[in-house]
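Structure first, commentary second.
The values are calculated or read from the model by the stated rules, or taken from the named source; none is laboratory data. Every value quoted in this text rests on a predicted model; they were computed, and no experiment measured them. FYI the Cβ positions are ideal-geometry reconstructions off the backbone, even for glycines, and counts take in every protein chain you see. Quick note on the areas: whole protein, heavy atoms, side chains included, nothing else; ligands and nucleic acids left out. Shrake-Rupley method; radii C 1.70, N 1.55, O 1.52, S 1.80 Å.
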Amino acid sequence: MKISVCGKGGSGKSTIVTLLANEARIRGYRILVVDSDESNSGLFRMLGFDQPPVPLMELVGGKRKVQRSLRDGFSSGDSGEGIRVMRQDSIKVDDIPAKHIMTKDKLQLVCVGKILQSLEGCACPMGVLSREFLKKLSLEKNEIVVVDMEAGVEHFGRGVETSIDSVLIVVEPSFESLQLAERIHSLSAGIGIKNIRAILNKVPSDEIASKLESELVKRGIDTIGCIHHDTEIFHSCLEGLSLTNGSAGEEIRDVFDSLISSNTLGYYSND
Ligand SMILES: Nc1ncnc2c1ncn2[C@@H]1O[C@H](COP(=O)(O)OP(=O)(O)O)[C@@H](O)[C@H]1O
Ligand SMILES: [Mg+2]
């Protein structure tokens, strides 16, 4: 199962990814987190790693090479290790070279690439690399991939979601977040994804949760669950520590159950 977590910047995508990853690990799944947000770099800390993995972009020789290889289908006579990996029709988690994947028992992290300097050029090659990597990534039954997407909707334009089974749209209590959810929903549906649901985050009260849910219903979007504002999450983020949670830990359990059961019921279109 490949799950993409999307939404507005700051809505809590990385937080939701981390909560889901921790829950999946507790349940005995092998979980691979794919950091596909080229602008923010703190996900590794939230997940409890001391350093990020070397980006996949470096594995394949940098942005220019990716653009060239993509044009030629990763088969342009280049014999670099990364290109060899990407040239395979399917990539297993164990094929990823060790320095490009961080591992803590059943929790693993890869990172597509980061924009570290100004004038570094556009992020298109990163989007394309994410798309190709996710498409080729082949999973065993007990493996789950959760993708931490960049904010906004540009990744849809780059086709990153083409091999995704389930889209989770993080919605915080703001009009902008609701509007963006509507766009994400229509773009996801447009590429044939059937399992698209909103997850409410940073919700201050049940009253606000109901209001958000009914606003989403008006926009044709189902809600999978609600994570209330959680002071422990707020503090661990403020201090750059691995994510600890209070009430959110229980709330994510129901969300996870719902994700798994819709998968077991064969809800997914891309299997
Ligand atoms: N459930 C929550 N309760 C309290 N604060 C939260 C919660 N989720 C996110 N936050 C706060 O919002 C900030 C942004 O969250 P983050 O997951 O980094 O967003 P994104 O990845 O969408 O940019 C965090 O630094 C944290 O302070
Ligand atoms: Mg983030």
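Once the Cα atoms are used to define both axes, helix 175-190 deviates from the longest principal axis of the chain by about 50 degrees. Here the accessible area is traced with a 1.4 Å probe on the protein chains. For the chain, carbon and sulfur cover 49 percent of it. Taking only DSSP H segments of four or more residues, each worth -39500 (n - 2.57), what value at 222 nm results for the chain once the sum is divided by all its residues, to the nearest 500 deg cm²/dmol? Taking each H run of at least 4 residues, the total per residue is -12000 deg cm²/dmol.
Quick one: which residues, 5 or more positions from residue 203 or on another chain, have an amide H under 5 Å from its amide H? H modelled 1.01 Å from N in the peptide plane, none for Pro or chain starts. Sorted by chain and number, the residues that satisfy this are 227, 228, 229.
Derived from the Cα gyration tensor, the three semi-axes of the equivalent ellipsoid of the chain are 30, 20, 18 Å, largest first. The mean sequence distance of close C-alpha pairs (under 8 Å, at least 6 residues apart), as a share of the length of region 153-260, puts its relative contact order at 21 percent.
Would you mind telling me the antiparallel percentage of the DSSP bridges in the chain, rounded to 5? The answer is about 10 percent antiparallel. The listed peptides 50-61, 237-248, 142-153, ordered by packing as a protection proxy, come out as 142-153, 50-61, 237-248 (highest mean of other Cβ atoms within 10 Å first). Solvent exposure of the chain amounts to 45 Å² per residue of accessible area, where only protein heavy atoms count and the probe is 1.4 Å. Phi angles of region 247-252 translate, via the Karplus equation with coefficients 6.51, -1.76, 1.60 and θ = phi - 60°, into HN-Hα couplings of 4, 4, x, 6, 5, 6 Hz per residue; Gly and Pro are given as x.
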